[in-house]
Amino acid sequence: ETTQAMIDHLAAVNKILEKNNYSEGRLIPILQEVQAVYKYLSKDMISYVATSIGVPPSRVYGVATFYAHFSMQPKGKYIIKLCDGLPRQEVASILHALYEKLKLSDEKRTTDDLLFTVETVSCLGACGLAPVMLVNDSVHGQMTPEKTDAIIDQVIAEEKAANQ
């Protein structure tokens, strides 16, 4: 990371801290906002937040690791969530299609270019559309491996177009 990027990151975090009055009582909202901006909570960011609000880094780390929605690993620009509820066979085939397409696995959930992260979740609250896949805030129902491939291709095409 460049020095300028780090300065920009700290400036953004400072705004979040300021808005929350550097209050320990606002730790969870502070971490939520920091993660919303950076997609994850790095050790440096955790230490910076801790120092800024006057608590030990272990306290902030403890909160960040306790709640499942916080991530200590970088995540992709597109977070793909797949409901791992029933039916198992269909979910397994869609997950396999995602892993194949993006060269990922259960151990490696984020692409090297930080474009995609694949997660399985217990419930997306859309059982009527099962199997369901969420790409950021976009819901895709009645998924098949073929539909999965097409959606990933579409996102990649949109990314290429946007970056030209």
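The values are calculated or read from the model by the stated rules, or taken from the named source; none is laboratory data. Note that the structure is a prediction, hence the values are computed from the model and not measured. Note that each Cβ is placed from the backbone with ideal geometry, even for glycine, and that neighbours are counted across all protein chains shown. Each accessible area value is taken on the protein alone, full model and side chains, heavy atoms only, with ligands, DNA and RNA left out. Shrake-Rupley method; radii C 1.70, N 1.55, O 1.52, S 1.80 Å.
With the checklist (1) of a type outside the set (D, E, K, R); (2) part of a strand (DSSP E or B); (3) closer than 21 Å to Gln73 by Cβ in hand, flag the one item Val155 doesn't pass.
The number of the failed condition is (2).
Using the structure shown, decide if Glu107 is surrounded by 13 or more Cβ atoms within 10 Å (Cβ to Cβ) and either on the phi > 0 side of the Ramachandran plot or not hydrophobic (A, V, I, L, M, F, W, C) (or both). Can you show your working first?
Details: surrounded by 13 or more Cβ atoms within 10 Å (Cβ to Cβ): no; either on the phi > 0 side of the Ramachandran plot or not hydrophobic (A, V, I, L, M, F, W, C) (or both): yes.
Considered against the rule, which asks whether it is surrounded by 13 or more Cβ atoms within 10 Å (Cβ to Cβ) and either on the phi > 0 side of the Ramachandran plot or not hydrophobic (A, V, I, L, M, F, W, C) (or both), Glu107 comes out as no.
Report yes if Gly85 is in contact with a strand residue (DSSP E or B) (Cβ under 6 Å, 6 or more places away or on another chain), under 30 Å from Leu129 (Cα atoms) and either among the aromatic types (Phe, Trp, Tyr) or part of a loop (DSSP other than H, G, I, E, B) (or both), otherwise no.
No.
Working carefully through the options Ala92, Ala64, find the one that is surrounded by 15 or more Cβ atoms within 10 Å (Cβ to Cβ) and assigned to a helix (DSSP H, G or I). Can you show your working first?
Details: Ala92 fails: surrounded by 15 or more Cβ atoms within 10 Å (Cβ to Cβ).
Sole residue among the options that is surrounded by 15 or more Cβ atoms within 10 Å (Cβ to Cβ) and assigned to a helix (DSSP H, G or I): Ala64.
Where residues in region 44-58 are free of Cβ contacts under 8 Å to residues at least 24 places away in the same chain and of a type outside the set (Gly, Ala, Ser), which of them is farthest from Val121 (Cα to Cα)?
Thr51
Name the residue that is least open to solvent (accessible area, probe 1.4 Å), counting only residues in region 1-60 that are among the charged types (D, E, K, R) and over 21 Å from Lys77 (Cα atoms).
Looking only at region 1-60, we keep the residues that are among the charged types (D, E, K, R), and these are 1, 8, 15, 18-19, 24, 26, 33, 39, 43-44, 59.
Next cut, over 21 Å from Lys77 (Cα atoms) only: 15, 18-19, 24, 26, 59.
On the way: Lys15: 152, Glu18: 121, Lys19: 134, Glu24: 80, Arg26: 102, Arg59: 103 Å².
Among those that are among the charged types (D, E, K, R) and over 21 Å from Lys77 (Cα atoms), it is Glu24.
Search region 1-37 for residues being part of a loop (DSSP other than H, G, I, E, B) and more than 20 Å from Gly62 (Cα to Cα), and hand back the single one that is modelled with the highest pLDDT. Break it down stepwise before answering.
Applying the first criterion (part of a loop (DSSP other than H, G, I, E, B)) to region 1-37 yields 1-2, 20-23.
Subsequent filtering for residues that are more than 20 Å from Gly62 (Cα to Cα) retains 1-2, 21.
Working: Glu1: 56, Thr2: 69, Asn21: 96.
Per the criteria, the residue is Asn21.
If I go through region 121-156 residue by residue, how many of them are aliphatic (A, V, I, L, M), open to solvent by 40 Å² or more (accessible area, probe 1.4 Å) and under 22 Å from Lys39 (Cα atoms)?
The qualifying residues number 3.
What number goes with the only condition from (1) open to solvent by 20 Å² or more (accessible area, probe 1.4 Å); (2) touching a residue at least 24 places away in the same chain (Cβ under 8 Å) that Leu82 does not pass?
(1) is the only condition that Leu82 fails.
List pairs: first residue in region 134-154 and farther than 10 Å from Ile94 by Cβ and of a type in the set (Gly, Ala, Ser), second residue modelled with pLDDT under 95 and open to solvent by less than 60 Å² (accessible area, probe 1.4 Å) anywhere in the structure, Cβ distance under 7 angstrom, at least six positions apart or on different chains.
Sorted first by the residue in region 134-154, then by its partner, the pairs are Gly141/Ala126; Gly141/Val132.
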